[in-house]
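Since the structure comes first, as structure tokens, the remarks are kept for the end.
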Amino acid sequence: MRREKLVEHLRSVISINGHILGVAVGSGMSANCVIEGGADMLLALSAGKYRQFGQSAFSGFLGYDNSNELVYNYAKRELFPMIDKFPIIFGLFMQDPCIYLYEYLQKIQRDGFSGVINYPSVGFFGGKFRKALEEAGMGFEREIEGIRIAHFLGLFTIAYVFDIEQAVKMVEAGVDVICVHFGITGGGIQGANKVMPLEIAMDTAQEIFDRVDEINPEVIKMVCGGPVQTPVDTQVFYQNTKCQGYLGGSSVERVPIERSLIQTVKAFKSQGDFNENNIISRVLNKTDREVNYAQFMKEYIKKNYQKCIRMKDLSSVTNIPVSRLSILFKEAYGITFTDYLIQYRMNKAKEYMEVGIYQMKEIASMVGYDDYTQFSKMFKKVTGFSPAHYQRFDTFQR
């Protein structure tokens, strides 16, 4: 999609819907889903692919791979074949010393990308490292130059900015969208542990947006990252600032996938009881930090006495040594785990005998004994009677 048509489309969406949504995806499957959900454009960023690897988005800032080559290859293989005439924005690492910006931007344009965004950006860095990058000619000015060239070539341009000065320079370079970036998104397994408070983020964004409007009010204004993690957060921005859209990556792709996969796996691991108050579910799903393992073992016997129960299996799923589990059970109930299991099974066997419709071998199997001889031995050990003798005596008593 050409720049003029895309800009016109996005402004129409803002006029009707109030805001737009761009999503940084790391796979063709995610792309199909977010398009179906109503996203207005896709961003192909190295961060998206690294998220699919299970790594932090920050991996794209280090020399593990060629960021531009990574983006180009997965976009051409996974995004373009799935998408017909949908705008895809290339996340361009403009400090790449192995490319000539003008020629590389021409290549991006020829190969069907609608536009570019400055990602990875040195704007994420500060201090001595940032100063060294600037002195080496690898600073933010390189990204401004890249946006200026892209605009000259007729590509749609989005600029991640981190302060007013950067925003002003990007607007002067002809950028179509200013996106105030608040840092790596919080939340989920791989999210940032510390993020900017939402109130401070709104004040920062509003200051930048006001300055942008003074220069060119036609520039579309968006936000992403940091504390902006949910649809509720974005609504707060729309209601209290000049924000006209949101660029989501982790918040749209990573966090929902993490949550969905975790809950789905827990459901498949469940023994059929999806109640999180059930201690077996909590232990197997690893949702408890402080577990009463003795209670877990007792409840496990109650639910599974008909099956083979081995202490080493319980040790494996809890990561607690067999010896430690044995001690915990004995301390809690004053009886060994094995003796409790036998007693529980024999009490159940007596209940089945009282029903009066089962054969002895059936009862043995129903309480976890495929070997009737072993069952008979354990029954006599607990009750003092053989199973047959006990049943005749019980029938006589009744």
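Can you find, among G126, L105, F86, the residue sitting farthest towards the positive end of the charge dipole of the range 70-190, where Lys and Arg contribute +1 and Asp and Glu -1 at Cβ?
Most positive-ward Cα: F86.
Of the listed peptides 169-179, 298-308, what is their order by residue-averaged count of other C-beta atoms within 10 Å, with the highest listed first?
Descending packing order for the listed peptides: 169-179, 298-308.
If I take R0 = 35 Å and measure r between the Cβ atoms of R110 and S15 in this structure, what FRET efficiency does the formula 1/(1 + (r/R0)^6) give, to the nearest 0.05?
The computed FRET efficiency comes out at 0.65.
May I ask which of K76/K131; K76/K242; K107/K169; K128/K242 have a Cα-Cα span longer than 30 Å here?
The pairs that break the limit, which is 30 Å between Cα atoms, are K76/K131; K76/K242; K128/K242.
Using a Förster distance of 30 angstrom, determine the FRET efficiency expected from the C-beta separation of V322 and E362, and round it to 0.05.
Efficiency, rounded to the nearest 0.05: 0.40.
Output ³J(HN,Hα) for the range 67-74: one whole-Hz value per residue in order, computed from phi by the Karplus curve 6.51 cos²θ - 1.76 cosθ + 1.60 with θ = phi - 60°, and x for Gly and Pro.
These are the phi-based 3J(HN,Hα) values: 4, 5, 5, 4, 4, 4, 5, 6 Hz.
Any idea what the dipole of the chain comes to, in debye rounded to 20, about its Cα centre with Lys/Arg Cβ at +1 and Asp/Glu Cβ at -1?
Roughly 2520 debye, rounded to the nearest 20.
When the chain is fully extended, how far beyond the present Cα-Cα distance does R77 get from Q55, taking 0.36 nm per residue of separation?
5.8 nm
Rounded to the nearest 0.05, what FRET efficiency do Y333 and T230 give with R0 = 56 Å and r taken as the Cβ-Cβ distance? Could you check?
With R0 = 56 Å, the Cβ-Cβ based efficiency is 0.80.
I'd like the distance separating the alpha-carbon centroids of the range 136-186 and the range 195-237, in whole Å.
16
Assuming 0.36 nm per residue, please report the length gained on full extension of the stretch R2 to V291 beyond their Cα-Cα distance.
In short, 98.2 nm is gained.
How much solvent-accessible surface does F296 expose, in Å² to the nearest 10, with a 1.4 Å probe and all protein chains in place?
My reading of the accessible area for F296 is about 0 Å².
Pairs K302/K348; K312/K380; K303/K361; K348/K380; K307/K381: which are spaced more than 18 Å apart, C-alpha to C-alpha?
Listed pairs above 18 Å: K312/K380; K303/K361; K307/K381.
Using Cα-Cα distances under 8 Å and only pairs 6 or more residues apart, what relative contact order does the chain have, in percent?
Worked out over the chain, it gives 11 percent.
The values are calculated or read from the model by the stated rules, or taken from the named source; none is laboratory data. For clarity, every value in this text was computed on a predicted model and none was experimentally measured. Glycine gets a Cβ as well: all are built from the backbone with ideal geometry, and neighbour counts include every protein chain shown. All accessible areas refer to the heavy atoms of the entire protein, side chains included, with ligands and DNA or RNA removed. Shrake-Rupley method; radii C 1.70, N 1.55, O 1.52, S 1.80 Å.
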